[in-house]
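Taking it in order: structure first as structure tokens, then the write-up.
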Amino acid sequence: MGLLLNYIIPFVLVLGAMIVIHEFGHFIVAKFFGIRVDVFSVGFGKRLWGFRKGDTDYRISLIPLGGYVKMAGENLDEQRTGAPYEFMSKPKWQRFCVAIAGPAMNILTALAIPAAIAMIHHEVPAYLDKPALIKAVEPNSPAERAGLQPGDLILAADGIQNPKWQEVEDLVGVSPDQELAITVRRESETKQVMLHVAARPFEQEKIGYSGLKADDERITVKDVTEGEPAAVAGLQPDDNIIAVNGNRIEQNIYGQLEIIRAIRSSADTPITLTVKRGDQTLDIKAAPRMNQGELRLGFTQDRTGREMINQRLPLFAAIRSSIDENIRILQLTRTAL
């Protein structure tokens, strides 16, 4: 059941939506050129429900893996009459437009969705578009073992000259278990180091981890529920959680996930959270208990210390941002492959 909910259903929904959008491209251009469309189906197989409007049967079919469009006179084994509304009766350039309309619609959708989101809510870390000046280095991380230090300015990363933090993070993410040549400026010196990027699991895959930090991001306690194990043990709002059961955690979303995993796997076993509170370092020990079907300690987390840029982009800036983001993802995909 878990496999079905986590993988198969999302796969079917995403694939189905992509195919329906693709087929809609064929459909709308065929209609524009006066080609008769007999069927527009969401899904394949047996017709479950639908309605007819004009010449077209709009239907929902049994198998929810996308859909299809059936145009008059498009199949080679179909009896053609030479009627002007048949696909093969149209000029080649019109048939070509119908053929490429599907992929074109997918591309336009990939551009339109990020652009629309950017026009509604565009929030990104402020450091991503800044030079890669190292603010901090995670203890016992690949970056620390490579000799990188706070204050180092990355001049080159695996051939990328004067990279921004976005480029550094992307490169590290697609380079697990690989060596990256890093050139930094430290005060008045230029140093070259080899950074061995570690690998960590992420949704059945693995991504790269370096331990480089571009800001003072920290995992802090947001709220503590009165009477719950965390409150009884002395955990307080604004405590900075730095370790779980003696193991230091990254001060980012992966550290937050590690805290959650540790709590949920500690049935009947106390868990120790090491926190910084002002100038003090404290160990908070508490046993999770079942609450709403899950093991919990009774507190919520937050990430603080990260400057964010939050603004609504105008139309053309949103389109430019969407194009850049799609190009970045294509380049990352090429690198990963």
> For the chain, what does the alpha-carbon gyration tensor say about shape, rounded, prolate or oblate, given a ≥ b ≥ c as the root eigenvalues, a/c under 1.5 as rounded, and a/b over b/c as prolate?
Replying inline: prolate
>> Explain nothing, just compute: Karplus ³J(HN,Hα) = 6.51 cos²θ - 1.76 cosθ + 1.60, θ = phi - 60°, for every residue of region 113-122 in order, whole Hz, x for Gly and Pro.
In response: 5, x, 5, 5, 4, 5, 6, 8, 7, 10
> How many Lys pairs in region 1-102 lie less than 24 angstrom apart by Cα atoms, where the lysines are 8 or more positions apart or on different chains?
Replying inline: 9
>> Straight-line reach from K164: which aspartates and glutamates fall under 17 Å, measuring Cα to Cα and dropping same-chain residues less than 8 apart?
In response: D129, D152, D215, E307, D324, E325
>> Between R80 and I260, what is 0.36 nm times their sequence separation minus the Cα-Cα distance? Round to one decimal in nm.
In response: 58.4 nm
> Working out 0.36 nm times the residue gap between L282 and I309, then minus their Cα-Cα distance, what length gain in nm do you get to one decimal?
Replying inline: 6.4 nm
> Roughly what angle does helix 253-264 make with the longest principal axis of the chain, taking Cα atoms, 0 to 90 degrees, to the nearest 10?
Replying inline: 80 degrees
>> With unit charges on the beta carbons (Lys and Arg positive, Asp and Glu negative) and the dipole taken about the Cα centre of region 85-240, which residue among V193, L133, T109 sits farthest to the positive side?
In response: T109
> Suppose R0 equals 51 Å; then what is the FRET efficiency for I28 and R248 from their Cβ-Cβ distance, rounded to the nearest 0.05?
Replying inline: 0.40
> Non-local amide H neighbours of I284 (under 5 Å, H modeled in plane, Pro and chain starts lacking H): which ones?
Replying inline: L273, T274, V275
>> Place a point 7 Å from Cα of E144 in the direction of its Cβ. Which residues in region 238-275 have their backbone N less than 20 Å from it?
In response: 240-259, 272-275
> Quick one: helix 9-32 against the long Cα principal axis of the chain, what's the angle to the nearest 10°, folded into 0 to 90?
Replying inline: 40 degrees
>> Nearest 5 percent is fine: what portion of the DSSP beta bridges confined to the chain is antiparallel?
In response: 95 percent
>> Suppose every Lys and Arg Cβ carries +1 and every Asp and Glu Cβ carries -1, with no other charges. What dipole size does the chain come out with about its Cα centre, to the nearest 20 debye?
In response: 1180 debye
> Hey, can you rank 326-337, 215-226 by average C-beta count inside 10 Å, highest first?
Replying inline: 215-226, 326-337
> Under 5 Å between amide H atoms, partner at least 5 residues away or on a different chain: which partners does I207 have, H built in plane at 1.01 Å?
Replying inline: R200, F202
> Considering amide H positions built from the backbone, and no H for Pro or chain starts, which residues 5 or more places from M71, or on another chain, come under 5 Å of its amide H?
Replying inline: D38
> So what are the ³J(HN,Hα) numbers for region 231-248, from phi and the Karplus equation (6.51, -1.76, 1.60; θ = phi - 60°), rounded to whole Hz, Gly and Pro as x?
Replying inline: 5, 4, 6, x, 5, 10, x, 6, 4, 9, 7, 10, 7, 10, 6, x, 9, 4
>> Once neighbouring chains are kept in place and the probe is 1.4 Å, which whole percent of the accessible area of the chain is contributed by carbon and sulfur?
In response: 57 percent
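The values are calculated or read from the model by the stated rules, or taken from the named source; none is laboratory data. Worth saying up front: this structure is predicted, and the values here are computed from it rather than measured. Neighbour counts are summed over all protein chains in view; Cβ atoms, including those assigned to glycine, are modelled from backbone coordinates with ideal geometry. For the accessible areas, the whole protein counts, side chains as well, though only heavy atoms, and no ligand, DNA or RNA atoms are used. Shrake-Rupley method; radii C 1.70, N 1.55, O 1.52, S 1.80 Å.
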